[in-house]
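Everything on this sheet refers to the single structure shown next.
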Amino acid sequence: MMQIKKIGIMGGTFDPIHYGHLMLAEQIRASYSLDQIVFIPVGNAPHKQEHKPTDKMHRYMMTMLATASNPHFTVSDIEIKKEVITYAIDTIKELRVLYNTPVELYFITGADAIILLDTWKSYKELVKYVKFIGASRPGVDEHVLKEKIEELSLELGAHIELCSVPALAISSTDIRNRVCEGKSIKYLLPETVENYICKEKLYLC
Ligand code: ATP
Ligand code: MG
């Protein structure tokens, strides 16, 4: 009998990608025996109004560099090649067609994203197509998170699991601020990405 492939979807602005993202994806891949993790840098995100994301080609390149050494990691340009604002629901629908064979899709997110899930476009439909794996993230109120998950599960039959991963208080916002302030970003993200940021003079103020 053919084994159904389990694919993890890791969406993010990745501006820049850091060890918080990579560790999260790898921990969940191993815990849930996923065959592959697809990193999908968002093109034009509906949120992120407070900071205009860096050029998508740079974010795509950094995601490629960061994931190159892991045979289970791949990067998709499905969102960055579009000029319009992209939504998870449309991407997931497209991926289901692209895979062409039955696959189980696991949407991997940090706990902060789970709390905002009911603000996503067509989230009621989205939860029918994917299982969510929400990972703990420093600074997120566990109580609010659990209430939100219970609400979505009861109302919509959403499948949302919480997975605890080692807490890394790393964020892209903090890395951008550090570069701007001339502080070190070493060991917060892969060296290849650090070198790329330096070479392309990203995040300077
Ligand atoms: P920004 O500060 O620009 O929002 P970010 O560090 O939150 O960047 P995103 O690209 O917004 O990174 O995040 C993509 C996904 O990775 C989200 O689901 C987010 O919750 C998760 N994530 C990011 N950093 C961590 C971390 N340190 N631990 C757990 N999850 C994380
Ligand atoms: Mg974020």
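Quickly estimate the mean residue ellipticity at 222 nm for the chain, helices only: each DSSP H run with n ≥ 4 gives -39500 (n - 2.57), and the total goes over all residues, rounded to 500.
Working: 8 runs with 82 residues, N = 205.
Here the helix-only value at 222 nm equals -12000 deg cm²/dmol.
Kindly flag which residue pairs out of K131/K186; K6/K201; K5/K93; K52/K186; K81/K186; K131/K201 have an alpha-carbon separation exceeding 27 Å in this structure. All intermediate terms of the calculation are to be shown ahead of the outcome.
Details: K131/K186 34 Å; K6/K201 38 Å; K5/K93 17 Å; K52/K186 24 Å; K81/K186 30 Å; K131/K201 38 Å.
Among K131/K186; K6/K201; K5/K93; K52/K186; K81/K186; K131/K201, the Cα-Cα distance tops 27 Å for K131/K186; K6/K201; K81/K186; K131/K201.
For segment 1-79, run through the GluC sites (Glu not before Pro) and keep only the ones in DSSP coil with at most 15 other Cβ atoms within 10 Å of their Cβ.
Values: sites: E26, E50, E79; in loops: E50, E79.
Within segment 1-79, the qualifying GluC sites (Glu not before Pro) (loop, at most 15 other Cβ atoms within 10 Å) are E50.
Unpartnered cysteines of the chain (Cβ-Cβ under 4.7 Å counts as a partner)?
C163, C198
Just report the Cα centroid separation between segment 36-67 and segment 1-31, whole Å.
14
Suppose a student asked you for the relative contact order of segment 5-170, using Cα pairs under 8 Å spaced at least 6 residues apart; what percent would you report?
Values: 263 pairs, mean separation 40.3, N = 166.
24 percent.
Please quote Rg/Rh for segment 5-170 to two decimal places, taking the Kirkwood radius as Rh and restricting both calculations to Cα atoms.
My calculation of the ratio gives 0.93.
Determine, for D35, D90, the number of other Cβ atoms within 10 Å of each Cβ, and report the residues in order from fewest to most. Let's see the in-between values first.
Values: D35 14, D90 17.
Sorted ascending by nearby Cβ count, the order is D35, D90.
Give me the angle, in degrees from 0 to 90, between the Cα long axis of helix 88-99 and the longest principal axis of the Cα atoms of the chain, rounded to the nearest 10.
With rounding to tens, the tilt is 70 degrees.
Rounded to whole Å and ordered largest first, report the semi-axes of the equivalent ellipsoid of segment 37-124 derived from its Cα gyration tensor (root of 5λ). The partial results should precede the final answer.
Values: eigenvalues 77, 72, 38 Å².
Those come to 20, 19, 14 Å.
For segment 76-205, what does the equivalent ellipsoid look like in terms of its semi-axes, each the square root of 5 times an eigenvalue of the Cα gyration tensor, given largest first in whole Å?
Numbers: eigenvalues 189, 90, 34 Å².
Here the semi-axes work out to 31, 21, 13 Å.
Out of all DSSP beta bridges with both ends in segment 5-170, state the antiparallel percent to the nearest 5. Present the calculation step by step, with values, prior to reporting the outcome.
Values: 0 of 25 bridges.
Close to 0 percent.
Name the most mobile residue of G110, G20, G139, meaning the one with the largest mean-square fluctuation, in a Gaussian network model of the chain with Cα contacts below 10 Å.
Its mean-square fluctuation being the largest, the pick is G139.
Please state the charge dipole magnitude for segment 31-88, taken about the Cα centre, from unit charges on C-beta atoms (+1 on K and R, -1 on D and E), reported in debye and rounded to the nearest 20. Don't skip to the end; give the middle numbers.
Working: 6 positive and 6 negative charges, 28 e Å.
Dipole magnitude for segment 31-88 comes out near 140 debye.
Report ³J(HN,Hα) in whole Hz for each residue of segment 24-38, in order, from the Karplus equation J = 6.51 cos²θ - 1.76 cosθ + 1.60 where θ = phi - 60°; Gly and Pro get x.
These are the phi-based 3J(HN,Hα) values: 4, 4, 5, 4, 6, 4, 6, 5, 9, 6, 7, 6, 7, 10, 9 Hz.
For S122 and T192, compute 0.36 nm times the residue count separating them, minus their Cα-Cα distance, and round to one decimal in nm.
Values: separation 70, 0.36 × 70 = 25.20 nm, distance 3.68 nm.
Gain on stretching S122 to T192: 21.5 nm.
With +1 assigned to the C-beta of every Lys and Arg and -1 to the C-beta of every Asp and Glu, and no other charges, what is the dipole magnitude of the chain about the Cα centre in debye, to the nearest 20?
Details: 24 positive and 26 negative charges, 96 e Å.
Here the size comes out at about 460 debye.
Strictly greater than 21 Å: what percent of every Cα pair in segment 1-74 meets that?
On the way: 828 of 2701 pairs.
When every Cα pair of segment 1-74 is considered, 31 percent fall beyond 21 Å.
A short reminder: the numbers here are calculations on the coordinates, not readings from a lab. Predicted, not measured: the structure shown is a model, and the values here were computed from it. Every residue, glycine as well, gets a Cβ built from its backbone with ideal geometry; the counts of neighbours run over all protein chains shown.
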